[in-house]
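Take a look at the structure set out below.
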Amino acid sequence: MSDKKIKNIFVNGPIAPEFIAKSISNHSSKTGIGGHSIFMGQVRKDEIDGKTVSAIDYTAFEELALDKMQDIREAIFNKYPLSCMHVHHSLGTIYAGEICLFVFTSSKHRKPAIDACDEIVERIKSALPIWGKEIFADDTHRWKENQ
Amino acid sequence: MSDKKIKNIFVNGPIAPEFIAKSISNHSSKTGIGGHSIFMGQVRKDEIDGKTVSAIDYTAFEELALDKMQDIREAIFNKYPLSCMHVHHSLGTIYAGEICLFVFTSSKHRKPAIDACDEIVERIKSALPIWGKEIFADDTHRWKENQ
Amino acid sequence: MEIELVTFGKISELIPNQKIEVEASNTDELQTNLEQLFPNLASMKYKLALNKDIVQSTQELRNNDIIAIMPPFSGG
Amino acid sequence: MEIELVTFGKISELIPNQKIEVEASNTDELQTNLEQLFPNLASMKYKLALNKDIVQSTQELRNNDIIAIMPPFSGG
């Protein structure tokens, strides 16, 4: 493990659009940036066997997830010439239509920001110990599985 | 040319983070969406031959640009299973650190949103008749050229 | 016949918008005319648009057509 | 020796967090023990983590180690 300070990525509840706006406007003083790429995951109101998903309840093995995220962060900064990288993932109950994942990368030219953002999302889904429990409208549930 | 209503993409001045937040929150009722991808172009304070870019002044052949954007929009909707696609490009003076391009795509699964967003940005840069005039701090200027 | 010239970007600094009399029946001939009238143009990269369609291959000209002269795009 | 079990996701509904006595010197032996103790586990996909490191190949166990049992991840 590196000596760098481990950044927290977890937020309780959904990620608000206003939080995203604040995060964007924080970058206006970084005048070497030419392109920003953002990915947001939103909870879908899926229908499964006739039942409707009303929310996803997220839990995580937080310490392990933050260690893994730090590894991803370092690998991504080594691979792409990024100015900035920000990741936020929700814990707790996130209702359909709300945002549960926010990945934000910035670079001088557009390509590294776009490619890094894409790769971070893939790695988050495959490597971070986070679990989503789909809550149906009738209060039953099903554990989500990423494809 | 198609009979569809031509959407305007041009806004005077920079694109505000609050506008982007509003655009994101407009999608919370679209509960079939699982992933959003955003690209934002930001004006860089480049240094060129010892002079510093303080702003870019954007002009466009607006009618032709909107026709071309409509072609791009149709091609992208035919190619990717998108729920939504929004494009905004600034005209007029945009200072370093401000946002001049906002592309926003949404789909059920993440991949189409990400790939479509990337392709739209490429196509906008190559096919839309828009010109950026880099204004230096000493009020001289240079016409920008996309690589 | 008379055509209307509309110019953009760097080219708008060299050639203002204007109506001109030309002896040209299509856009290829017009291009030759334009490069004689405005010698700077010959050394520049540009595309023409005829009445808001980009000219890919030569098009016939009509009186009062609008011709746009466009340097390479640099939006985004 | 005693180890502490921590479970997540679907597996947390079958196996609560608990301390257990095991006869196992490494994580491979522990896995066999766990699947005997909790027969449901044998048919599930899961990974183990030892003191917050994911177990890739077998690791030695010490008294009071913490073992996490993790079903497939589904974040994002």
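For chain B, the membrane-span-like helices by this rule, meaning whole DSSP H stretches whose C-alpha atoms cover at least 18 Å of axis and whose Kyte-Doolittle mean is -1.0 or above, are B:62-79, B:110-127; this says nothing about an actual membrane. Remark: chain C carries a charge dipole of roughly 380 debye about the Cα centre, counting +1 on each Lys and Arg Cβ and -1 on each Asp and Glu Cβ. Remark: mean inter-chain Cβ contacts per residue of A:38-51 equal 5, using a 10 Å Cβ-Cβ cutoff to other protein chain atoms.
How far is C:ASN17 from the same spot in each other copy, in nm, shortest first, if each label point sits 7 Å from Cα toward Cβ? Going from nearest to farthest copy, the values are 7.1 nm.
Taking a threshold of 23 Å on the Cα-Cα distance, which of the pairs B:LYS79/C:LYS47; A:LYS108/B:LYS30; A:LYS7/B:LYS22; B:LYS111/D:LYS10; B:LYS68/C:LYS47 fall above it? Result: B:LYS79/C:LYS47; A:LYS108/B:LYS30; A:LYS7/B:LYS22; B:LYS111/D:LYS10 exceed 23 Å. The mean number of partner chain beta-carbon atoms within 10 angstrom of a residue's beta-carbon across peptide B:119-130 is 4. The mean number of partner chain beta-carbon atoms within 10 angstrom of a residue's beta-carbon across peptide A:87-98 is 2.
Dividing the radius of gyration of the alpha carbons in chain A by their Kirkwood radius gives 1.00 for Rg/Rh. Count the DSSP beta bridges whose two residues both fall in the range D:2-70, then state the antiparallel fraction as a percent rounded to the nearest 5. Counting only bridges with both partners in the range D:2-70, antiparallel ones make up about 75 percent. The region of chain D that goes longest without hitting one of the trypsin sites (Lys or Arg not before Pro) in a DSSP loop, each with at most 11 other Cβ atoms within 10 Å, is D:1-44. Listed peptides C:20-28, A:122-130, A:34-42 appear in the order A:34-42, A:122-130, C:20-28 once ranked by packing, highest mean of other Cβ atoms within 10 Å at the front. Rounded to the nearest 20, the Cβ-based charge dipole of chain B about its Cα centre (Lys and Arg +1, Asp and Glu -1) stands at 720 debye. As a ratio to 2.2 N^0.38 Å, the alpha-carbon radius of gyration computed for the protein assembly as shown takes the value 1.26.
Ascending distances from the A:LYS111 label point to its copies in the other chains, with the point 7 Å along the Cα-to-beta-carbon line: 2.3 nm. Between copies, the label points of D:ASN51, set 7 Å from Cα on the Cα→Cβ line, lie 8.1 nm apart, reported in increasing order to one decimal in nanometres. Any idea what log10 I(q)/I(0) is at q = 0.11, 0.21 Å⁻¹ for the range D:2-70, Debye with uniform C-alpha scatterers and no solvent? Values, matching the q order: -0.21, -0.84.
Between the range D:25-54 and the range A:93-147, the C-alpha centres lie 27 angstrom from each other.
Every number here is computed from the coordinates shown, using simple stated rules; none is lab data. These figures come from a predicted structure and were not determined experimentally. Every residue, glycine as well, gets a Cβ built from its backbone with ideal geometry; the counts of neighbours run over all protein chains shown.
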